[in-house]
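A.B. asks: Take a look at this one; I'll ask things after.
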Amino acid sequence: MTQPNKPNSDQIFSSEEITSEPDVKWQDTFHLFCANRAALLGLTFVCLFVLVGIFGPIVIPADPFEMVAMPLMSPNGQTLFGSDYLGRDVFVGIIHGARPTMIIAVTATLVTVLIGITIGAIAGFYGGMVDNVLMRITEFFQVLPPLVFAMVIVAVFSSHIVVVILAIAITTWPTEARLTRAEFLKIKENEYVTASRAIGDRNFRIITKIILPNAMPPLMIAITLRVGITVIYEAALSFLGLTDPDVITWGKMIGQSRDFFFEAWWTVTFPGVAILLVVLCIALIGDGLNDAFNPKLRGR
Amino acid sequence: MDDSLETKEDAVLRVMNLSVDFDVKGNNVSILSKVNFGLGLGETLGIVGESGCGKSMTALALLRMVPSPPGKISDGEVLLNNLDLMTLSQKEIKKIRGKEISMIFQEPMTSLNPVFTVGNQLVETILEHKDLSRADALKEAIELLRLVQIPAPEQRIKEYPHQLSGGMRQRIMIAMALVCEPKVLIADEPTTALDVTVQAQIFDLLKEIQAKTQMSIILITHDFGAITEMADRVIVMYAGYKVEEGTLDEIRNSPLHPYTQGLLRSMLVIKPDSSGFKMPLPEIPGSVPDLLNRQPGCPFGPRCSQATVKCRSMPPNFNLGFKRSVKCWLVDNGRVE
Amino acid sequence: MKQAIFQRIFLGIVMITAVIILNFFLLHAAPGDVVDAMLAEGGGGDPELAARLRASYGLDEATHIQLIKYLGQVFRGDLGYSFYYDQSVTELLLGHLPTTLMLTISALILAVVFGTLFGVYAALKPKGIFSNFVTVLSLFGYATPVFWLGMIILLVFALYLPLFPAFGIRSLPEPEHAVGRILDIIHHLVLPTFTLAILYLASYSRISRASMLDVLGSDYIRTARAKGLSETKVIFKHSLKNAAMPVVTLAGLQLAQVFSGAILVETVFSLPGVGPLLYESIVRRDFPVILGVLFGAASTTIIANIITDLIYKYMDPRIQSIT
Amino acid sequence: MSESKKKQTLLKVDKLKVHFELKRESWFSDKPVVHAVDGVSFDINLGQTLGLVGESGCGKTTTGRAILGLVKSTEGTISFEGTNLGLVPPKKMLQLRQRMQIIFQDPYSALNPRQTAGDLVLDPLLVHNIGNSKERQERVDELFSLVGLQKNQQLLYPHQFSGGQRQRICIARALALKPDFIVCDEPVSALDVAIQAQILNLLCKLQDELNLTFLFISHDLAVIQHVCDEIAVMYLGVIVEKASRLELFDNPRHPYTRALLSAVLSGSPDIKVDRIRLEGDIPNPINKPTGCRFRTRCSFAKEICSEMEPVLEEKSVGHWEACHFQTTSN
């Protein structure tokens, strides 16, 4: 690694300073992540779910809305996870529900993060009046209970998938905005930001090239975790019957069986376990990222 | 062994073979290696060295406060009036802390708990060690603040740390350390975070209190100026080793270890004749060694202009007289071994 | 200080006004209006009647005048009228909000108190079993949908182990004594509160563990130890308060989210809170009620936020202003 | 430096004021204003070093940053080679900016941890679009050897360097655009003694070779004495004394300068000046004292000191002082 400045005696020893700072290179982070077994397991499972989402409906082309069995049949050879109150196959429903769940979760997360990071970055970087106004707006969106607000939006406009995605994004971006702002405020204090201004760098380049990469670690963790939260959020809206009635999702399967679950536990348990598993695996990835970015804080 | 001469004196504190190891990524790293010294009554011992040389770790190890994990005290004795602190139970060592040996730290900003008033933190210390009523403790706290020359102590005692200046906070820390009139005060870079004019005030205060109470002080610093100001005796540390020990005059006027010599030469002082303007300063090349990959032999070897083949093996401490020792092969010409 | 509180309250009022304005525009963005909804309830009607009704509601006036009128109305406490329930929205809300608030607040308090304690205890032995338990708990707390957890808990504790009532907030017939009635309500609230609390408890315990570990490594804890303080004092006096602060902050910020969770829990447990009211109104497209719920929920959050800010101010003397 | 060279003023700062408005406690209270720099004037000649010395909070760092436009100045003018920087159009400003650079105190926070050493030094060239990629790489190589770093270190990240080496990277970056004027903001105070000497030697060498002009900011009088031609002592946002190096150390006038000198822990016992010990702390720059700012800690303070603020006047040739009295014997 580093050679010392050139000691004038014969070079008997190598001399370096002990580096106590976390490794900051992306490659190091990647290696640390790969060394984390739980995180890799999570990643594998999430990939598996994505594959199910993509190929599941092709492999098992059965219509999830079709009534294939007697209503409320317990799990058996014909219907693996039993049937619901209309005699629809729960297993087929879970396979077919994976795709819309993932599409909504990923796109809604992207929109959320895009809004959140932009507003947070602008507020944190410029400070002063800009920050003040943006933060008041953020606060305003934060006092509206997200689910209630989303329900209202869906009720007022429509339950079209685009509306649902926007409703999720509009109600949840403040968390990302606050996080980004906090990171920007912290990083802005570093003299390397002042140094960039001293060499005449423009604000846009400072925000995107200097500050954002340094703010990335916590943001990447937050984005990962946001995907999981969105899965649950979407499930809650579906559970309440507020999403597109023509699309089957796990939350909707639970919601529709609400009045029957004392008689047929399988109708809510299996879709719930599907949600739980996916989100748990995402959480494991988030944890793995956290450990990889902050090796010193492992296990917090 | 090397410090046999120490036993002659009636030292308040004697430290023998104190060693601290750290566990860094599964490797055992020696942060402090077999440090010996004694501290006399009413004496000020300065420990000086660059960052990472183990001087602060020495202070923490004396009171068994090495952060663990990853650190641990692997060897050594610390005798406080012939009582070995290393063998005490947790409960017993707590009675020593703050009572027999007190500490003040570098950062008065963060060393006080931000959510309690100054008075609260002082009173709690008094109550911990003395059997007093809360009202008496409060009275004593005010007295202590007066002792450390804080104006209007009755007012200040109700304030929170963030309402005070750095100098004030360090005075509060000193007051807290003085609660039980300790025999030893360990001051770990007490003025580094303060302005020069305030630094001078704090040193004056410490000297004044020392004159009154005959307390012994261990002053840990990277600043040789502070050492000159305060210390009677000096220990120079490098990479976890004590490389030289002597009285202030000995160290300043006839340093024997090449590291001490280099340190003193490269140090800038105000010259009364303003000479040496922009003249190249003598440098110590390179930087401090990586403790993770220690090489055998003298740790200063790679930066030493006088290093020889012999320096590939570790030099012992050569005792050159009463409390005067150097850890360098260069002094090995027929003297005491 | 007084001025700061005053300012905080003023900001709160501004926020509430903003919520009303939002409501107004949502109302206008909805396809059709109150009159359409009303007539739909009655099975359609003739355009003349519709126009008359619109005029009586002031719906034929310019938007900004309508807005001003609407603002005035809401500030007088009039949130409109629900045709489906045949009751004023304000009364409806006053009837349903208390249950939701009781659920939200008790769950939040449980989560904060036990979350902090769990986290602090875990931080004392960061490599211990309990610390691992906190990690696992927080993972599950993050990944479990609250409505599904409610159903599973119902299956276990009401169906298979019938320890608690499954639905509603009161037994029928009600116990005679007042004390009995209160105990009965508590009995009904145990499962829903627990369901809601456990998820937040999980995340708070993780946060408080992290902040406790930070605090334990700080300089002032080193000072406290160097003073010879007992470990109990070091932990319970010097660390706990500092470690709890991030949890309190987060609880304040998450209030609206917990409120959302409460709505789902109520739906599962059939509690007569805001949740079922909102759900029913959405099905009936009863807009005055829908927007009334949004308004009620937002205002309670705003008020609660002011209170958390004051608590925070009390806990941390460093916070000079509470803007 | 030598007298034979034509003394040409490179930078002229006139009555510079920088006030920061803090967040007010509530809407009903006044905005607290920090008078960080409160009317500071000085000139720096080409190839010379002006030292700015004072304790924390005296405004020396803010002065340095205001000159480079990194903080907004409230009042006053800054002229570079006779051009008033306040009146320069933005395009021209970008060119001027190349000629004025800064080196920071903390080499740990002054380097972006996610850029390699080579990229950090390359950045200024990219921003100003200088040369093609080959020329730029040559320039970076040249800069690395100039500050005593090796070429193969360009691929390393800042955390892989020691403090001294990091400061060398900072210097290389500051030199990339071939500046004439550099603000050295406490460049050695975060470094160990042995490393301080390395960096000071490097700075002196570079100044000689490249004919640089320095504004050297430090709280350490020994460092100031070693590198500065002229010295200005600041206290609470104003200059209280200004003189040549020899004059200031031989013949300090202002009570604050003398207190500062005597407070320095000298390291050698030969100088035992009669110590002036200051009482108390530096007052808060939000509520600075009326009249003379130093009066609250000055043992010579009289009534007039609280009524009138003394102006900086030339008390003897080339020796400026802001005090109502003649407090020294000579």
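The values are calculated or read from the model by the stated rules, or taken from the named source; none is laboratory data. Worth saying up front: this structure is predicted, and the values here are computed from it rather than measured. As a convention, Cβ positions derive from the backbone with ideal geometry for all residues, glycine included, and neighbour counts pool all protein chains shown. All accessible areas refer to the heavy atoms of the entire protein, side chains included, with ligands and DNA or RNA removed. Shrake-Rupley method; radii C 1.70, N 1.55, O 1.52, S 1.80 Å.
A.B. asks: Any residue at all in segment C:272-295 that's under 25 Å from A:T138 (Cα atoms) and open to solvent by 10 Å² or more (accessible area, probe 1.4 Å)?
C.D. replies: Looking for residues that are under 25 Å from A:T138 (Cα atoms) and open to solvent by 10 Å² or more (accessible area, probe 1.4 Å), one finds at least one in segment C:272-295, hence yes.
A.B. asks: Based on this model, can you work out whether C:D78 counts as acidic (D, E), at pLDDT 75 or above and open to solvent by less than 80 Å² (accessible area, probe 1.4 Å)?
C.D. replies: yes
A.B. asks: Further, regarding this structure: The conditions are (1) open to solvent by 30 Å² or more (accessible area, probe 1.4 Å); (2) within 10 Å of chain A (Cβ to nearest Cβ), and C:Y314 fails exactly one of them. Which is it?
C.D. replies: (2)
A.B. asks: Something else about it: Can you pull out the residues in segment B:250-284 that are outside any loop (DSSP other than H, G, I, E, B), at the interface with chain D (Cβ under 9 Å from one of its Cβ atoms) and open to solvent by 40 Å² or more (accessible area, probe 1.4 Å)?
C.D. replies: B:R252, B:R265, listed by residue number.
A.B. asks: Could you run through segment A:218-236 and say how many residues are over 14 Å from A:A169 (Cα atoms) and either open to solvent by 20 Å² or more (accessible area, probe 1.4 Å) or more than 9 Å from chain C (Cβ to nearest Cβ) (or both)?
C.D. replies: 7
A.B. asks: Hey, B:S216 hits all of (1) touching a residue at least 40 places away in the same chain (Cβ under 8 Å); (2) hydroxyl-bearing (S, T, Y); (3) open to solvent by 10 Å² or more (accessible area, probe 1.4 Å) but one; which does it fall short on?
C.D. replies: Failed condition: (3).
A.B. asks: Identify all residues within segment B:285-310 that are out of contact with any Pro (no Cβ under 8 Å at 6 or more places or on another chain), more than 8 Å from chain A (Cβ to nearest Cβ) and touching a residue at least 40 places away in the same chain (Cβ under 8 Å); write none if there are none.
C.D. replies: Across segment B:285-310, the qualifying residue is only B:R294.
A.B. asks: Counting only residues that are open to solvent by 30 Å² or more (accessible area, probe 1.4 Å) and either of a type in the set (S, T, N, Q) or farther than 17 Å from D:M100 by Cα (or both), how many does segment A:192-203 have?
C.D. replies: Selection size over segment A:192-203: 1.
A.B. asks: Checking A:W173 against (1) more than 26 Å from C:T17 (Cβ to Cβ); (2) out of contact with any strand residue (DSSP E or B) (no Cβ under 6 Å at 6 or more places or on another chain); (3) away from chain C (no Cβ under 12 Å), which single condition isn't satisfied?
C.D. replies: It fails just one condition, (1).
A.B. asks: When both residues are 6+ apart or on different chains and their Cβ atoms are under 7 Å apart, which pairs have a first residue that lies in segment C:237-248 and is under 16 Å from C:T223 (Cβ atoms), and a second that is open to solvent by 20 Å² or more (accessible area, probe 1.4 Å)?
C.D. replies: Taking only residues 6 or more apart or on different chains, the pairs are C:H238/C:Y220; C:S239/C:L216; C:K241/C:M315.
A.B. asks: State whether one or more residues within segment B:171-188 are part of a loop (DSSP other than H, G, I, E, B), within 22 Å of D:I276 (Cβ to Cβ) and open to solvent by 10 Å² or more (accessible area, probe 1.4 Å).
C.D. replies: Going through segment B:171-188, the residues part of a loop (DSSP other than H, G, I, E, B) turn out to be B:178-183.
From the residues that got through so far, the ones that are within 22 Å of D:I276 (Cβ to Cβ) too are none.
Scanning segment B:171-188 turns up no residue that is part of a loop (DSSP other than H, G, I, E, B), within 22 Å of D:I276 (Cβ to Cβ) and open to solvent by 10 Å² or more (accessible area, probe 1.4 Å).
A.B. asks: Return yes or no: is C:F167 of a type in the set (F, W, Y), touching a Ser or Thr at 6+ places or on another chain (Cβ under 6 Å) and assigned to a loop (DSSP other than H, G, I, E, B)?
C.D. replies: Against the criterion (of a type in the set (F, W, Y), touching a Ser or Thr at 6+ places or on another chain (Cβ under 6 Å) and assigned to a loop (DSSP other than H, G, I, E, B)), C:F167 qualifies.
A.B. asks: Exactly one condition in (1) over 27 Å from the mean Cα position of the chain (by Cα); (2) modelled with pLDDT of 85 or more is false for D:T327; which is it?
C.D. replies: Unmet condition: (2).
A.B. asks: Show me the strands (runs of 3 or more DSSP E) found entirely inside segment D:39-131 where at least 2 residues are of a type in the set (S, T, N, Q) and touching a residue at least 24 places away in the same chain (Cβ under 8 Å).
C.D. replies: Output list reads D:75-80.
A.B. asks: Would you confirm whether or not segment D:9-32 contains a residue that is on the phi > 0 side of the Ramachandran plot, more than 14 Å from every other protein chain (Cβ to nearest Cβ), of a type outside the set (F, W, Y) and crowded, with 17+ Cβ neighbours inside 10 Å?
C.D. replies: No.
A.B. asks: Looking only at segment C:246-268, decide whether some residue is in contact with a Lys or Arg (Cβ under 9 Å, 6 or more places away or on another chain), more than 10 Å from chain A (Cβ to nearest Cβ) and on the phi < 0 side of the Ramachandran plot.
C.D. replies: Start the filter on segment C:246-268 by keeping residues that are in contact with a Lys or Arg (Cβ under 9 Å, 6 or more places away or on another chain), which leaves C:253, C:267-268.
Cutting the leftovers down to more than 10 Å from chain A (Cβ to nearest Cβ) gives us none.
Within segment C:246-268 (the criterion being in contact with a Lys or Arg (Cβ under 9 Å, 6 or more places away or on another chain), more than 10 Å from chain A (Cβ to nearest Cβ) and on the phi < 0 side of the Ramachandran plot), the answer is no, since none of the residues qualifies.
Residue-wise test of (1) touching a helix residue (DSSP H, G or I) at 6+ places or on another chain (Cβ under 9 Å); (2) away from chain C (no Cβ under 14 Å).
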residue: B:T44; (1), (2): yes, yes
residue: B:A59; (1), (2): no, no
residue: B:L85; (1), (2): yes, no
residue: B:Q121; (1), (2): yes, no
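A.B. asks: Looking at (1) under 21 Å from the mean Cα position of the chain (by Cα); (2) more than 11 Å from every other protein chain (Cβ to nearest Cβ); (3) surrounded by fewer than 24 Cβ atoms within 10 Å (Cβ to Cβ); (4) of a type in the set (G, A, S), find the lone condition where C:S205 falls short.
C.D. replies: Only one criterion is unmet by C:S205, namely (3).
A.B. asks: Inside segment D:251-266, can you point out the residues that are modelled with pLDDT of 85 or more, more than 21 Å from the chain's Cα centre (by Cα) and assigned to a helix (DSSP H, G or I)?
C.D. replies: The one that is modelled with pLDDT of 85 or more, more than 21 Å from the chain's Cα centre (by Cα) and assigned to a helix (DSSP H, G or I): D:P255.
A.B. asks: Take the residues in segment C:1-19 that are aliphatic (A, V, I, L, M) and within 13 Å of chain D (Cβ to nearest Cβ), then tell me which one is most open to solvent (accessible area, probe 1.4 Å).
C.D. replies: C:M1
A.B. asks: I'd like the full set of residues that are assigned to a loop (DSSP other than H, G, I, E, B) and open to solvent by less than 10 Å² (accessible area, probe 1.4 Å), limited to segment A:244-256. Steps first, please.
C.D. replies: Of the residues in segment A:244-256, the ones assigned to a loop (DSSP other than H, G, I, E, B) are A:244-249.
Hit for segment A:244-256 is A:T249, nothing else.
A.B. asks: While we're looking at this one, here's another question. Among the strands (runs of 3 or more DSSP E) contained in segment B:37-121, which hold 2 or more residues that are charged (D, E, K, R)?
C.D. replies: So the answer is B:71-80.
A.B. asks: Checking A:A283 against (1) open to solvent by 10 Å² or more (accessible area, probe 1.4 Å); (2) at the interface with chain C (Cβ under 7 Å from one of its Cβ atoms); (3) under 21 Å from C:T135 (Cα atoms), only one condition comes out false. Which one?
C.D. replies: Result: A:A283 fails condition (1) only.
A.B. asks: State yes or no: is C:L110 closer than 22 Å to C:P272 by Cβ and within 19 Å of the chain's Cα centre (by Cα)?
C.D. replies: yes
A.B. asks: Taking segment A:257-273 only, how many residues are open to solvent by 10 Å² or more (accessible area, probe 1.4 Å) and either modelled with pLDDT of 85 or more or closer than 17 Å to A:M102 by Cα (or both)? Before the answer, list the steps.
C.D. replies: From segment A:257-273, those open to solvent by 10 Å² or more (accessible area, probe 1.4 Å) are A:258-260, A:262-263, A:265-266, A:269-270, A:273; that's our starting set.
Now drop any that are not either modelled with pLDDT of 85 or more or closer than 17 Å to A:M102 by Cα (or both), which leaves A:269-270, A:273.
Qualifying residue count for the region: 3.
A.B. asks: Still on this structure, please answer the following. Restrict the check to segment A:219-230 and report whether at least one residue is in a helix (DSSP H, G or I), farther than 30 Å from D:R99 by Cα and among the small types (G, A, S). It would help to see each step written out before you state the result.
C.D. replies: Just the residues of segment A:219-230 that are in a helix (DSSP H, G or I), to begin with: A:219-230.
Right, trim to farther than 30 Å from D:R99 by Cα and you get A:219-230.
Those still in the list that are among the small types (G, A, S) too: A:222, A:228.
Within segment A:219-230, one or more residues are in a helix (DSSP H, G or I), farther than 30 Å from D:R99 by Cα and among the small types (G, A, S).
A.B. asks: Can you confirm whether segment D:185-208 contains a residue that is part of a strand (DSSP E or B) and either of a type outside the set (G, A, S) or surrounded by fewer than 24 Cβ atoms within 10 Å (Cβ to Cβ) (or both)?
C.D. replies: Applying the first criterion (part of a strand (DSSP E or B)) to segment D:185-208 yields D:185.
Subsequent filtering for residues that are either of a type outside the set (G, A, S) or surrounded by fewer than 24 Cβ atoms within 10 Å (Cβ to Cβ) (or both) retains D:185.
Among the residues of segment D:185-208, at least one is part of a strand (DSSP E or B) and either of a type outside the set (G, A, S) or surrounded by fewer than 24 Cβ atoms within 10 Å (Cβ to Cβ) (or both), which makes the answer yes.
A.B. asks: Let me confirm something: among A:T243, A:T230, which residue is within 30 Å of A:H31 (Cα to Cα), among the polar types (S, T, N, Q) and in contact with a helix residue (DSSP H, G or I) (Cβ under 6 Å, 6 or more places away or on another chain)? Lay out the reasoning, then the answer.
C.D. replies: Values: A:T243 fails: within 30 Å of A:H31 (Cα to Cα).
Exactly one residue qualifies, and that residue is A:T230.
A.B. asks: Would you be able to tell me the number of residues in segment C:130-164 that are open to solvent by 20 Å² or more (accessible area, probe 1.4 Å), assigned to a helix (DSSP H, G or I) and farther than 25 Å from A:D287 by Cβ?
C.D. replies: Of the residues in segment C:130-164, 4 are open to solvent by 20 Å² or more (accessible area, probe 1.4 Å), assigned to a helix (DSSP H, G or I) and farther than 25 Å from A:D287 by Cβ.
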